[in-house]
Structures are given as structure tokens and as C-alpha cells.
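The values are calculated or read from the model by the stated rules, or taken from the named source; none is laboratory data. Treat the numbers as computed from the prediction; the structure is a model and nothing was measured. Cβ placement follows ideal geometry from the backbone for every residue including glycine, while neighbour counts extend to all protein chains displayed.
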């Protein structure tokens, strides 16, 4: 982010928050708008700090855990009841439900 973008993020004020809230159809009073503007400016400041961290040579994490997540075995736990379920359907063909055409 350029210096002008960093300065632009600090320009977030209660009026801007109120305009965004209006577009999002949210109801905020002046006190809330001011509080949210301050909070959002802090968040944007933290993002700027994070951008300054040198991550050269740091491998991305696949998982935050030391060990891979154990996966359960892929075994069948339920019986196939398709024929029973489709017996009450108005129209079935080759195991699929047939429905009336909606779009022509």
C-alpha cells in the first residue's frame, strides 16, 4: 500500500462510517459511528503494521498444528435406501427424480 493509501485509511471518520452504514441499511447513531470509526482505524493501523513485517523465506502453514489432522476411515455406515425413498416419487428414471421442465 502506498503512503497515500495509508493516509487515506486514517481519514475514516464518523461521517464515512455513517454513509457506509446507510448503504448497508444499518442504523447507527452518532456515538456508534464515532466508536466504529475509531475501531476501524485501529484495525487498519494494525494491517499497516503487518504489511511492514518481513516474511521473506517464511513457508506458509498448511496447518497450525504440529501433526496432521487424523482422518477417519472412509467406510459405509448407512445402507442404501434409494428404492424406498423413490417409491413415493411421482416420476423416477435410472435412480433419478424426474421433475417438470421449468425453463424452456
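Below is a table of values for the structure above.
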quantity: Options 57, 95: the member that is touching a helix residue (DSSP H, G or I) at 6+ places or on another chain (Cβ under 9 Å) and exposed (fewer than 10 other Cβ atoms within 10 Å of the Cβ); calculated: 95
quantity: Test result for residue 62, under 29 Å from the mean Cα position of the chain (by Cα), assigned to a loop (DSSP other than H, G, I, E, B) and either modelled with pLDDT of 90 or more or at negative phi (or both); calculated: yes
quantity: Cβ pairs under 7 Å, 6+ apart, first in region 36-47 and part of a helix (DSSP H, G or I), second modelled with pLDDT under 95 and surrounded by fewer than 12 Cβ atoms within 10 Å (Cβ to Cβ); calculated: 41/10
